[in-house]
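Inspection log for the structure reproduced underneath, given as structure tokens.
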Amino acid sequence: MQKIAIIGGGTMGAGIAQASALAGYEVVLYDMTEALLAQSVANICASIDKGVARGKTAVADAESAKAALHTTTSLETAAQSDLIIEAVPEKLSLKREIFAKLDAAAPDHTIFGSNTSSLSINALAGATHRADRFLGVHFFNPAHIMQLVELICSDFTSDETVTAVRAYVAQLGKTAVLCKDTPAFIVNRVARPFYGEAFRLLGENAADAATIDKLMHSIGFRMGPFELIDLIGCDVNLAVTQSVYDAYFQEPKYRPHPIQKRMVESGRLGRKSGHGFYDYDK
């Protein structure tokens, strides 16, 4: 495996592209416009340079990674890769549409991966004719730093596909954990009560967001729930919560909180919008 395509140059896609380029892979980053790609590449290069400044990345490795990064607005061009990882917004119809187009253009050997954090891998694989070469490849934010990657198999994912993607994850210096295709997989399923109870406390005026986060710090958490939501994106957090709620037939314990919806409707999406539970444009 030599050439990796990343579909979507947002926060997660950029992080996966950075990790892949630093690991020595040729990377093709796809997005819909040149402007989006330029911003994504600028963010990746700034992040790589920060690693150099902190002494975590050698100058030669940084330059090699930047040289290995290519961009395209053509799905057909991106499809000419050994592994394709999709990292577009958490919408089943959008992801299926993209995978169907990629399937028509990609070589037979190409493996498809989705960075979905909650959607059914079987449902996504069903948009293609390569369910045996399809799996979930779920990174965590920030993708170039976080060590865990969930690998989620469809009912038809082959052992050869799992072995190949495990090797890719290992080359990135990360740890792969194999998961079954259940709603939200492992980490995000466990995280639902973490977020849910935090929202209930906030909604009951039992404590404000900063107090809840500080209390979580005091028992060893690096980030509290609201700091983490701001990092991930309030819109992404709501989409995952809604997906799990729907997947479990509207079981009350998974119901999205009204605060989540208000944050998204008001455009307070977290770090990426400059405002969330905290302000970041000061």
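So, in the stretch 95-119, exactly how many residues are of a type outside the set (Phe, Trp, Tyr), outside any loop (DSSP other than H, G, I, E, B) and over 18 Å from residue 237 (Cα atoms)? Of the residues in that region, 11 qualify.
Looking at 133, 96, just one residue is surrounded by 15 or more Cβ atoms within 10 Å (Cβ to Cβ), over 24 Å from residue 172 (Cα atoms) and at pLDDT 95 or above, and that residue is 96. Considering the conditions (1) over 28 Å from residue 183 (Cα atoms); (2) assigned to a loop (DSSP other than H, G, I, E, B); (3) of a type in the set (Val, Ile, Thr), residue 88 is excluded by exactly one of them, (1). Taking the condition outside any helix (DSSP H, G or I), in contact with an Asp or Glu (Cβ under 7 Å, 6 or more places away or on another chain) and in contact (Cβ under 8 Å) with a residue 40 or more places away in the chain, does residue 156 pass? Against the criterion (outside any helix (DSSP H, G or I), in contact with an Asp or Glu (Cβ under 7 Å, 6 or more places away or on another chain) and in contact (Cβ under 8 Å) with a residue 40 or more places away in the chain), residue 156 does not qualify. Does residue 183 satisfy the criteria of being exposed (fewer than 13 other Cβ atoms within 10 Å of the Cβ) and of a type outside the set (Asp, Glu)? No; evaluated as a whole, the condition is false for this residue.
Scanning the stretch 43-73 for residues that are touching a helix residue (DSSP H, G or I) at 6+ places or on another chain (Cβ under 9 Å) and small (Gly, Ala, Ser) yields 47, 51, 58, 62, 64, 65, 67, 68. Of the residues examined, residue 55 is one that is more than 16 Å from the chain's Cα centre (by Cα), small (Gly, Ala, Ser) and surrounded by fewer than 17 Cβ atoms within 10 Å (Cβ to Cβ). Among the residues of the stretch 206-226, those that are assigned to a loop (DSSP other than H, G, I, E, B) and under 15 Å from residue 277 (Cβ atoms) comprise 207, 208, 223, 224. Screening the candidates 177, 165 for the property of being within 21 Å of residue 27 (Cβ to Cβ), β-branched (Val, Ile, Thr) and outside any loop (DSSP other than H, G, I, E, B) yields one hit, 165.
Note on the stretch 219-251: residues that are of a type in the set (Val, Ile, Thr) and farther than 17 Å from residue 93 by Cα total 4.
The values are calculated or read from the model by the stated rules, or taken from the named source; none is laboratory data. Quick caveat: nothing in here was measured; it's all calculated off a predicted structure. Note that each Cβ is placed from the backbone with ideal geometry, even for glycine, and that neighbours are counted across all protein chains shown.
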